[in-house]
1. For residues in segment 435-477 being touching a strand residue (DSSP E or B) at 6+ places or on another chain (Cβ under 8 Å), modelled with pLDDT of 70 or more and assigned to a helix (DSSP H, G or I), which is nearest to residue 277 (Cα to Cα)?
2. How about segment 16-129: which strands (runs of 3 or more DSSP E) wholly inside it have at least 3 residues that are surrounded by fewer than 24 Cβ atoms within 10 Å (Cβ to Cβ)?
3. Here is a check on your reading of the model: is residue 300 touching a residue at least 40 places away in the same chain (Cβ under 8 Å), touching a helix residue (DSSP H, G or I) at 6+ places or on another chain (Cβ under 6 Å) and not assigned by TED's automatic domain parsing to the domain that holds residue 376?
4. Under the condition of being out of contact with any helix residue (DSSP H, G or I) (no Cβ under 9 Å at 6 or more places or on another chain) and surrounded by 11 or more Cβ atoms within 10 Å (Cβ to Cβ), which residue from segment 193-204 is farthest from residue 384 (Cα to Cα)?
5. Quick test of your reading of the structure: residue 321 fulfils all but one of (1) more than 14 Å from residue 246 (Cα to Cα); (2) in contact (Cβ under 8 Å) with a residue 12 or more places away in the chain; (3) not assigned by TED's automatic domain parsing to the domain that holds residue 416. Name the failing condition by number.
6. Scan segment 8-15 and tell me whether some residue there is in contact with a strand residue (DSSP E or B) (Cβ under 7 Å, 6 or more places away or on another chain), surrounded by 21 or more Cβ atoms within 10 Å (Cβ to Cβ) and outside any loop (DSSP other than H, G, I, E, B).
7. Tell me, which strands (runs of 3 or more DSSP E) wholly within segment 213-294 include 3 or more residues that are in contact (Cβ under 8 Å) with a residue 12 or more places away in the chain and under 21 Å from the mean Cα position of the chain (by Cα)?
8. Across segment 486-515, what is the total count of residues that are without any contact (Cβ under 8 Å) to a residue 60 or more places away in the chain and touching a helix residue (DSSP H, G or I) at 6+ places or on another chain (Cβ under 7 Å)?
């Protein structure tokens, strides 16, 4: 057993049985080792950002880490954007990054780089293995770190000689995903804060958004006569009929400040204090008032489920259905032209039960979340890090994690081009994904951002930087070239017909929606 074989065996013992790969020469012994272990599902991605994004989506739905296989420093660098998104979403990932053989590093060959330095900003744990005998132990440590609650990114760097030399077998992998218990004194402080506040708010995120936890929080909110809100971007949120209707803090700064200005006390459970996504001239970065009192009851690493249970007991909630529980309310399917409102109504009407929706619709989709509140129960995944090219890779990971659930990827045309290679992996793996490309043929969000930063009359050069025309993208041709069947629609009737077709069929399907 060589070092690479011992590493694959260790990953499997640690319940890491999916690897999203884009390998090179230094990883060939790991690639060869995959033939010895059929239990490891290896999925080829044609760009490293697709592999890292897929690992993010896998964790969000499976709650256990997948691994990636990346080629040296440049390969890792290509995957950084979606590792940034994954870190902001608290997703657990085990990155395996190849490195030159230890003796070769000193020769400063063309691909030599500071891999640890590249990895650290997007990793919680980084280590370079120094001996083939240590690979199994280092792999187990990587798995242990990736599983630290709520999820961490562990990057293990594998020099070529540690992969091809004789390794050692690891009999077992021990890991515990323990969480900190919130103290009784802090829970009591939270209860008193809610009771004494004139206008309190409960701000929730992370595990607090899980279906059962959110129902209990909604009962607490009803008892204390206060609302619940979430951040605009959440790693995972279960929504739809029979689930709590989560009201998000608006993305636009002025709107968010207006919504939050009256709350004198905010109880925080698994969320962060509200701040603007960007800085703007003459606008605040902090979205709450200076006088607002915060009681930070639980961070993402705390045992949020235990906290909510104890908070419920302290307050004495009833068994009455929460007032914020969504009822099944399917929108009427409209006719005629396509716009953001009619698009949201179509989604609200047609999202199937237990679907997984990955939202990178940017400007087009700002109404979608609310228009789907009464749809059949489904799960919504957002981009928590803001780095573009998130949606289709995360859809791959979600579809691999949950093969019996339909995945719907909502994509802006500009964003989708960052990780267009995802379509090929969807086709190769026959993943059950419907991709909706909203083709406004521009970086529409940046047109609005010009105004937000005070540029009222942009000239020709500025506007050309935000246009995707001349030439216009042809998403149907791109999709079919990658092996995914696709159609273009420019009216609601054709959208509905083709969306129903995509939902009914097994395998990937793309719809280019002309806006």
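The values are calculated or read from the model by the stated rules, or taken from the named source; none is laboratory data. Being a predicted model, the structure only gives us computed values, none of them experimental. Ideal geometry is used to build each Cβ from the backbone, glycine not excepted, and the neighbour counts take in all protein chains shown.
1. 475
2. 18-22, 41-44, 125-128
3. Spelling it out, residue 300 is indeed touching a residue at least 40 places away in the same chain (Cβ under 8 Å), touching a helix residue (DSSP H, G or I) at 6+ places or on another chain (Cβ under 6 Å) and not assigned by TED's automatic domain parsing to the domain that holds residue 376.
4. 196
5. Of the numbered conditions (1) more than 14 Å from residue 246 (Cα to Cα); (2) in contact (Cβ under 8 Å) with a residue 12 or more places away in the chain; (3) not assigned by TED's automatic domain parsing to the domain that holds residue 416, the odd one out for residue 321 is (2).
6. Yes, segment 8-15 has at least one match.
7. 237-239
8. Looking only at that region, the number is 3.
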